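*Asks:* Below is the structure I would like to discuss, written out as structure tokens.
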Amino acid sequence: IGDFIEHQKYMIEKLGVEVRLNTPVTPELVSEIAPDALIVAIGGVPMRPNIPGIDGKNVVGVEEAFAKPELAKGKTVIIGAGRSGTELGIWLKEVYGVDASLIEAAPQGDQSKYTAKMAEVGLETKLNTRAKEIKENGILCDTPDGEQFIEADTVVLALGVKPLWDEVETLSSF
């Protein structure tokens, strides 16, 4: 990967592309630079629904858990069975031996390409299971069979990201 990065640096320099890192993009800056085109790729912020207990000491975001897997202590339940939650669960179980599982409010997660690997590492998913409240020792959930309490030492939020539409709109006039 190092060669790829060096090649990209070389091409950017050769083409005279100006790169500014760690620079807030404001309408004033865009006006000053007056680009021919503006590509706004600013990402988003993690979704944080209004669930009581979401700010507890035992709750971490999926990005945090990937960056610091040691935060996933004891029994770990990941809320969200999309790609990031599923990949995190597989990785924590396979590489770190964490007792991880997933819950998903929808009737299915985005897991079709992971089925074999999930079976191999023993990653379980509870579908139709909506987190209602996060407590110090687990998650109170609504399920088709009524309320269910799922024990957890650590809760990881893998609920997707919210686009930064307001920021995009601010820059869209250029």
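The values are calculated or read from the model by the stated rules, or taken from the named source; none is laboratory data. The structure displayed is predicted, hence computed values, not measured ones. Please note: Cβ atoms are built from the backbone with ideal geometry, for glycine as well, and neighbour counts cover all protein chains shown. Heads up: the accessible areas ignore ligands, DNA and RNA and are worked out on the full protein's heavy atoms, side chains in. Shrake-Rupley method; radii C 1.70, N 1.55, O 1.52, S 1.80 Å.
*Asks:* Radius of gyration and Dmax for segment 34-87's Cα atoms, expressed in Å?
*Replies:* So, for segment 34-87, Rg and Dmax equal 15.8, 53 Å respectively.
*Asks:* On to the next question. Name the residue, out of Leu164, Leu140, Leu38, whose mean-square fluctuation peaks in a Gaussian network model built on the chain with Cα pairs under 10 Å.
*Replies:* Answer for the Gaussian network model of the chain: Leu38.
*Asks:* Moving on. Convex hull volume of the Cα atoms in segment 75-126, per residue, in Å³?
*Replies:* It comes to 62 Å³ per residue, whole-number rounded.
*Asks:* Viscosity 1.567 mPa s, temperature 4 °C: what is the translational diffusion coefficient of segment 1-116 from Stokes-Einstein with a Kirkwood Rh over Cα pairs, rounded to a whole number of µm²/s?
*Replies:* D = 71 µm²/s.
*Asks:* How much of the DSSP bridge set in segment 51-157 is antiparallel, in percent, rounded to the nearest 5?
*Replies:* Around 45 percent of the beta bridges assigned by DSSP in segment 51-157 are antiparallel ones.
*Asks:* Show log10 I(q)/I(0) for segment 74-174 at q = 0.18, 0.22 Å⁻¹, two decimals, from a solvent-free Debye sum over equal Cα scatterers.
*Replies:* For the requested q values the scattering log ratios are -0.80, -1.08.
*Asks:* Right, another one. In the Gaussian network model of the chain, springs joining C-alpha atoms below 10 Å, which of Lys57, Lys93, Lys14 carries the largest mean-square fluctuation?
*Replies:* Its mean-square fluctuation being the largest, the pick is Lys14.
*Asks:* While we're looking at this one, here's another question. Given springs between every Cα pair under 10 Å in a Gaussian network model of the chain, which of Ile139, Ile12, Ile33 has the largest fluctuation?
*Replies:* The residue with the greatest mean-square fluctuation here is Ile12.
*Asks:* What do you get for the angle between helix 83-96 and the principal long axis of the chain? Use alpha-carbon atoms, 0 to 90 degrees, nearest ten.
*Replies:* Tilt relative to the chain: about 70 degrees.
*Asks:* Could you work out the relative contact order of segment 89-174, using alpha carbon pairs under 8 angstrom and six or more residues apart, expressed as a whole percent?
*Replies:* 19
*Asks:* Could you size up the charge dipole of segment 92-174 around its Cα centre, putting +1 on the beta carbon of Lys and Arg and -1 on that of Asp and Glu, and report it in debye to the nearest 20?
*Replies:* The calculation lands at about 220 debye.
*Asks:* Any idea what the relative contact order of the chain is, in percent, if you count C-alpha pairs under 8 Å spaced at least 6 apart?
*Replies:* 28
*Asks:* Can you give the accessible area of Ser101 in Å² (nearest 10), computed on protein heavy atoms with a 1.4 Å probe?
*Replies:* Solvent-accessible area, nearest 10 Å²: 20 Å².
*Asks:* For Thr143 and Glu32 in the same chain, what is the full-extension length gain: residue separation times 0.36 nm, less their Cα-Cα distance, in nm?
*Replies:* Length gained, Thr143 through Glu32: 34.5 nm.
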